[in-house]
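The values are calculated or read from the model by the stated rules, or taken from the named source; none is laboratory data. This structure is a prediction, so every number in the text was calculated from the model and none was measured. Methodologically, a virtual Cβ is constructed for each residue, glycine included, from the backbone with ideal geometry; neighbour enumeration extends over all protein chains shown.
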Amino acid sequence: MVTKKTIQIDSLQWRNERRKHLAEGIVSVIGSEINQLKVIANFKEKGSFKSLDGHFYVEAKNIQVTPWITDSIQKEYGITQGEVSVNAWFSFKNGQPIDALVEASPSYLNWVEDKSIHQVSVEGGVFELQPDNEGWNVFATDVQVKHQGNKWPEITGSFSWQPEKWVLNLAHIDLQSALG
């Protein structure tokens, strides 16, 4: 089943020069938890999205995450609420992503466990994403996490995801803080 969504354009400046396009504006998705996204685009095309080359920037603030998490996962893990805020830069070549850089801003996730509300938050951090075969490599630096208000030491590491397996490497994590 395909769900149709309407994009509301609050402001948009668009400039075309032959096959080069420049855009900047504020958009939202009506009927969703996407409050507002600031977007900036600088790209070229040769007649279709499959030929897209360029760069895109998105600034998202306080996006509700529960509508994007399946009901079964919400029930299994007791997820009740969450918000994500990020600044992200994406680059494309021939319609395919070639890299992305995501800067995390204060974001959180709440869940209920043993009748108590728990919260984990990401206060900041930088994630670099690169496609790799059918999956992605993610490199994380200076990730600042809090659990129940207790700050963990900054996390740096990498995550490699392929459809058949994934690998996580962390350079430094204080297990007592993480599990405590």
From 117, 63, residue being in a strand (DSSP E or B), within 19 Å of residue 37 (Cα to Cα) and at pLDDT below 95: 63
Residues located in region 112-157, provided they are closer than 25 Å to residue 76 by Cα, over 15 Å from the mean Cα position of the chain (by Cα) and not β-branched (Val, Ile, Thr): 113, 114, 115, 116, 118, 119, 146, 147, 148, 149, 150
Segments classed as strands (runs of 3 or more DSSP E), wholly inside region 125-170, with at least 3 members that are surrounded by 13 or more Cβ atoms within 10 Å (Cβ to Cβ): 135-147, 155-162
Filter result for residue 105 (closer than 21 Å to residue 142 by Cα, hydroxyl-bearing (Ser, Thr, Tyr) and touching a residue at least 40 places away in the same chain (Cβ under 8 Å)): yes
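Hey, could you check region 41-56 for residues that are among the small types (Gly, Ala, Ser) and not in a loop (DSSP other than H, G, I, E, B) and say which is nearest to residue 27 (Cα to Cα)?
41
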Matching residues, region 3-30, being touching a Lys or Arg at 6+ places or on another chain (Cβ under 8 Å), surrounded by fewer than 13 Cβ atoms within 10 Å (Cβ to Cβ) and closer than 21 Å to residue 85 by Cβ: 30
